[in-house]
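K.L.:
A single structure is presented below for examination.
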Amino acid sequence: MVSTCSIDGKNYYYTKVIHKLADEGKFGYPTSIAVSDLESYLDTPQWGNAPGDLKPRTVLEDVLAYPEHATRICNADLKYPIILVKTTSGELHVADGMHRIAKAFLFKLENVQAFIVSLEQINSAFAFSD
């Protein structure tokens, strides 16, 4: 399965290599981040490829209408840190772990583990296209 994430106007395409790099310690150690600091991601289209993409909060408010995402949220393993990419302007973008973030909100967790990696680390690890 190939995933994408758009950061600073570029689309990054990646596979499970991101988890391999994390497991090898290429991103350092995960840090604890407050789930409340991630709330804005619930209101940003995260899933889909068309205008009006699906927002995680929409799924959390009506899980029966979105069984595929509901299943992925329930099966999300919170032992794996989410991966946030810090852009050149200092913004954080979710590169991996949106279903885990949704699960953390659903279960009212206070904190999750996260790797916060620089755009340079991502550029060195992933191919991108304009």
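The values are calculated or read from the model by the stated rules, or taken from the named source; none is laboratory data. Because the structure is predicted, anything quoted here is derived from the model rather than measured. Using ideal geometry, Cβ is built from the backbone for each residue, glycine included, and neighbour counts are taken over all protein chains shown.
K.L.:
Using the structure shown, decide if D62 is of a type in the set (D, E), surrounded by fewer than 16 Cβ atoms within 10 Å (Cβ to Cβ), under 16 Å from V94 (Cβ atoms) and without any contact (Cβ under 8 Å) to a residue 24 or more places away in the chain. Before the answer, list the steps.
P.N.:
On the way: of a type in the set (D, E): yes; surrounded by fewer than 16 Cβ atoms within 10 Å (Cβ to Cβ): yes; under 16 Å from V94 (Cβ atoms): no; without any contact (Cβ under 8 Å) to a residue 24 or more places away in the chain: yes.
Here the answer is no, as D62 does not meet what is asked.
K.L.:
Then there is this: Is there a residue in the range 51-59 that is assigned to a loop (DSSP other than H, G, I, E, B), touching a strand residue (DSSP E or B) at 6+ places or on another chain (Cβ under 7 Å) and either among the small types (G, A, S) or at pLDDT below 85 (or both)? Can you show your working first?
P.N.:
Filtering the range 51-59 for residues assigned to a loop (DSSP other than H, G, I, E, B) gives 51-53, 55.
Checking which are touching a strand residue (DSSP E or B) at 6+ places or on another chain (Cβ under 7 Å) leaves us with 53.
Okay, now just the ones that are also either among the small types (G, A, S) or at pLDDT below 85 (or both), so 53.
Checked against the condition, which is being assigned to a loop (DSSP other than H, G, I, E, B), touching a strand residue (DSSP E or B) at 6+ places or on another chain (Cβ under 7 Å) and either among the small types (G, A, S) or at pLDDT below 85 (or both), the range 51-59 yields at least one hit.
K.L.:
Okay, moving on. For the range 60-79, how many residues are closer than 25 Å to G25 by Cα and out of contact with any helix residue (DSSP H, G or I) (no Cβ under 7 Å at 6 or more places or on another chain)?
P.N.:
Of the residues in the range 60-79, the ones closer than 25 Å to G25 by Cα are 75-79.
Subsequent filtering for residues that are out of contact with any helix residue (DSSP H, G or I) (no Cβ under 7 Å at 6 or more places or on another chain) retains 75, 77, 79.
Count: 3.
K.L.:
Those residues that are among the hydrophobic types (A, V, I, L, M, F, W, C) and surrounded by 15 or more Cβ atoms within 10 Å (Cβ to Cβ), I need them from the range 31-59; list them, please. Outline the logic, then answer.
P.N.:
Of the range 31-59, the ones among the hydrophobic types (A, V, I, L, M, F, W, C) are 33-35, 38, 42, 47, 50, 54, 59.
Selection gives I33, V35, L38, L42, W47, V59.
K.L.:
Out of curiosity, is K20 at pLDDT below 90 and surrounded by 13 or more Cβ atoms within 10 Å (Cβ to Cβ)? Give the derivation first.
P.N.:
On the way: at pLDDT below 90: yes; surrounded by 13 or more Cβ atoms within 10 Å (Cβ to Cβ): no.
Considered against the rule, which asks whether it is at pLDDT below 90 and surrounded by 13 or more Cβ atoms within 10 Å (Cβ to Cβ), K20 comes out as no.
K.L.:
Only residues that are in contact (Cβ under 8 Å) with a residue 40 or more places away in the chain and touching a helix residue (DSSP H, G or I) at 6+ places or on another chain (Cβ under 6 Å): list them for the range 43-59, please.
P.N.:
To start, the set of residues in the range 43-59 that are in contact (Cβ under 8 Å) with a residue 40 or more places away in the chain comprises 46-47, 56, 59.
If the condition is that a residue be in contact (Cβ under 8 Å) with a residue 40 or more places away in the chain and touching a helix residue (DSSP H, G or I) at 6+ places or on another chain (Cβ under 6 Å), then Q46, P56, V59 are the ones that fit.
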